[in-house]
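Let me begin by presenting the structure, written as structure tokens, before commenting on it.
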Amino acid sequence: MNHFAQPLFFWLLILPFIFRLLIPAMRGLHGDALRVPFLKDIEQINIKSGSSWRASDTAKKWSGKLAWLYVIWALLVVAAARPQWVGEPVRLPNMSRDILMVVDISNSMNERDFALQGRRIDRLAAVKKTAAEFIKQRADDRIGLVLFGSRAYVQAPITYDKSSVLEILAQTDAGMAGNSTSIGDAIGLSLKSLRNSDNKDKKVIILLTDGENNSGALSLAQAIQLAKDEGVKIYTIGVGAEQSFVNSIFGIRIAVPSALDEESLNQIAAETKGTYFRATDTQSLAQIYQEIDKLEANENEDQFVREVKERFIWPLGAALILAAALAMFLRRNYHE
């Protein structure tokens with residue numbers, strides 16, 4: 001599509017006519033002060049001698065030159081109006097983030113206190129399902145995966161290859177990393193993994209656990225300080241029902257309170273400018289991921305750009321060529 005970036009410049013096209021109206025045209029080459037009373041006699045002499053000179057010839061020549069000057073002026077005005085070619089709108093790629101999913105796979109994640117489509121499922125199965133849906137929605141982000149129990153392991157470094165991350169997540173089983181929960185070590189390893197990322201400003205950790213930090217070398221206070229130093233935001237999700245049931249030695253199911261350390265998870269999120277969420281069932285867990293998706297929305301979503309090519313060089317070049325030709329013509333007539 002072609003258009004003019006500065007169309008108001010076209011008002012300058014009438015400027016020569018305004019000057020023509022405001023400034024009276026000079027009569028004669030040097031004004032009215034010089035008169036040639038024998039002009040008609042000179043004209044008659046030239047007629048008799050076969051010359052075709054007329055007083056009106058000079059006026060005609062000047063009219064032609066003025067017309068050329070106006071064409072040059074019009075071309076300069078068109079160039080000043082900046083003709084442009086504008087392409088079709090192209091959507092900007094969203095500003096990507098590096099998101100590291102840090103998932104607790106200790107034995108307690110085998111607890112079957114979640115439900116899906118009317119059947120009981122364990123906590124890890126619910127986490128894998130909802131986390132997979134979240135990963136699929138982050139089309140422009142890079143995703144990584146850290147699994148932890150007694151120890152933490154980087155199972156998938158930060159990558160755009162979400163299918164690989166999803167495959168690794170699907171093959172994960174509770175208890176693979178030990179029975180205890182080392183949240184501090186998991187955060188420390190995650191920060192180390194993110195440190196190698198080229199994305200300096202948009203790094204996010206989503207930490208999901210059902211227990212408390214009862215193992216590992218790194219304390220929560222140390223892990224929080226490291227995250228603050230690195231400028232990494234941590235969202236924490238506590239999973240599990242408010243209470244779980246265990247079988248006593250007499251075969252009676254006894255309700256025991258959840259081992260989840262919500263206070264520590266709240267502290268981690270608050271001090272790293274993240275948010276703490278509690279998921280007691282599959283629906284609330286899915287809603288949490290949707291909420292995180294809103295909080296970490298892409299900043300330039302639905303922004304478009306158009307390719308713009310300037311065309312002012314063509315009328316400007318034509319004006320310069322005409323001006324040069326007119327100057328050569330005037331110079332030749334002067335010498336003649």
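Put simply, the C-alpha atoms of segment 157-204 give a gyration tensor, and the ellipsoid matching it has half-axes of 22, 18, 6 Å, longest first. Of the trypsin sites (Lys or Arg not before Pro) found in segment 256-295, the ones in coil according to DSSP and having at most 16 other Cβ atoms within 10 Å of their Cβ are K273.
Which residues in segment 111-127 place their backbone N less than 16 Å from a point set 7 Å from the Cα of T280 along the Cα-to-Cβ direction? Of the residues in segment 111-127, 113-115 have backbone N under 16 Å from the label point off T280. Between R112 and K228, the simple label model (points 7 Å from Cα in the Cβ direction) yields a spacing of 4.4 nm.
Taking label positions 7 Å along the Cα-Cβ direction at both L13 and Q171, the computed distance is 7.1 nm, reported to one decimal.
Just to verify a number: FRET efficiency for F4 and E133, C-beta to C-beta distance, R0 = 41 Å, to 0.05? That gives a FRET efficiency of 0.25. Just so you know, the Cα atoms of segment 90-209 work out to an Rg and Dmax of 14.8, 51 Å.
Fully extending the segment from Q290 to W73, taken as 0.36 nm per residue of separation minus the present Cα-Cα distance, adds 72.0 nm.
Full extension of the segment from V308 to R195, taken as 0.36 nm per residue of separation minus the current Cα-Cα distance, would add 36.9 nm. Rounded to whole numbers, the Karplus 3J(HN,Hα) couplings from phi for segment 144-150 are x, 9, 10, 10, 8, x, 5 Hz, using 6.51 cos²θ - 1.76 cosθ + 1.60 with θ = phi - 60°, and x at Gly and Pro. Multiplying the residue separation of L326 and K273 by 0.36 nm and removing their Cα-Cα distance gives an extension gain of 12.0 nm.
A short reminder: the numbers here are calculations on the coordinates, not readings from a lab. As the structure is a computational prediction, the values presented were derived from the model and not from experiment. Backbone-built Cβ (ideal geometry, glycine too); neighbour counts: all protein chains shown.
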